[in-house]
Each structure stands twice: as C-alpha cells, then as structure tokens.
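A.B. asks: Sharing a structure with you now.
The values are calculated or read from the model by the stated rules, or taken from the named source; none is laboratory data. Predicted model, so just to flag it, every value in this text is computed and none were measured. Note that we place each Cβ from the backbone using ideal geometry, even for glycine, and neighbour counts take in every protein chain shown.
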Amino acid sequence: MNATTTSYSDGPDKDFILYFVSQVVENPDAVSVERTVDELGVLITLKVGKDDMGKVIGKHGQTAKALRTLLRVIGSKHNARVNLKIVEPDGAEIMIEG
C-alpha cells in the first residue's frame, strides 16, 4: 500500500490538532498540518513557527505527550494508529508516537 496525503479536512485527528495548536500559539498563520495514511497507520505532521515550538512541546514534553494521548483516543475510535511528528522550523523532527 502506498502512502497518500489527503485533503485539508479529512479526519478528526487532523482537525483536532489544527484547532488546538492554532488556539495556543502566538502565530496561528504559521501552523501547518499534513495527514498521511499508509499501512502503518496515520501520520500527522505538524509545523509551527520557531517562537511557538515551546508552547506546542510544553515543559518536559508534557503538551506533546497530552496531544499524543488525545490522538490515540481519536485513533482508537476509528481503529487507526495515529503518530504525531512535530517538525521544527530548522528542519529537525520530533516524533511522538501514539
């Protein structure tokens, strides 16, 4: 099965991340969310502005872990494994598995 990137409003997991992150960051226009589905499950790729990375990850990664937990709940409702990848503005990636 090939990986596919689906349209903007194609899943509750993507819509949730977009809504939540847009509410907590200073620059919501810099928020970008992509949703890819393959044989391993769903991959949500999140990009935010450099100044907002701390808000998205949180102290000791607590916000990112909470997002992962909520994505797991959404995914289990739809029988899907959901992973969250946060891409830093410099290109580094932070993988949060659900």
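A.B. asks: Counting just the residues of segment 8-55 that are closer than 25 Å to A80 by Cβ and among the basic types (K, R), which one comes out surrounded by the fewest Cβ atoms within 10 Å (Cβ to Cβ)?
C.D. replies: As a first pass, look at segment 8-55 and keep what is closer than 25 Å to A80 by Cβ: 8-24, 31-48.
Then keep just the ones that are among the basic types (K, R); that gives 14, 35, 47.
On the way: K14: 23, R35: 22, K47: 17.
Among those that are closer than 25 Å to A80 by Cβ and among the basic types (K, R), it is K47.
A.B. asks: How many residues are part of a helix (DSSP H, G or I) and under 15 Å from L40 (Cβ atoms) if we restrict to segment 71-80?
C.D. replies: 3
A.B. asks: Does I96 meet the test of being crowded, with 17+ Cβ neighbours inside 10 Å, at pLDDT below 90, in contact with a strand residue (DSSP E or B) (Cβ under 9 Å, 6 or more places away or on another chain) and farther than 17 Å from D15 by Cα?
C.D. replies: Here the answer is yes, as I96 does meet what is asked.
A.B. asks: Looking only at segment 25-70, how many residues end up being in a helix (DSSP H, G or I), at pLDDT 95 or above and within 11 Å of D13 (Cα to Cα)?
C.D. replies: Adding up the residues that qualify gives 2.
A.B. asks: Taking segment 36-94 only, how many residues are of a type in the set (V, I, T) and over 20 Å from E26 (Cα atoms)? Can you show your working first?
C.D. replies: First, the residues of segment 36-94 that are of a type in the set (V, I, T): 36-37, 42, 44-45, 48, 56-57, 63, 69, 73-74, 82, 86-87, 94.
Retained after the next criterion (residues that are over 20 Å from E26 (Cα atoms)): 36-37, 42, 44, 69, 73-74, 82, 94.
Within segment 36-94, residues that are of a type in the set (V, I, T) and over 20 Å from E26 (Cα atoms) number 9.
A.B. asks: Starting from segment 72-85, take each residue that is over 12 Å from P12 (Cα atoms) and list its partners that are of a type in the set (S, T, N, Q), counting only C-beta distances under 7 angstrom and pairs at least six apart or across chains.
C.D. replies: Listed by first residue and then by second, the contacts come to K85/T45.
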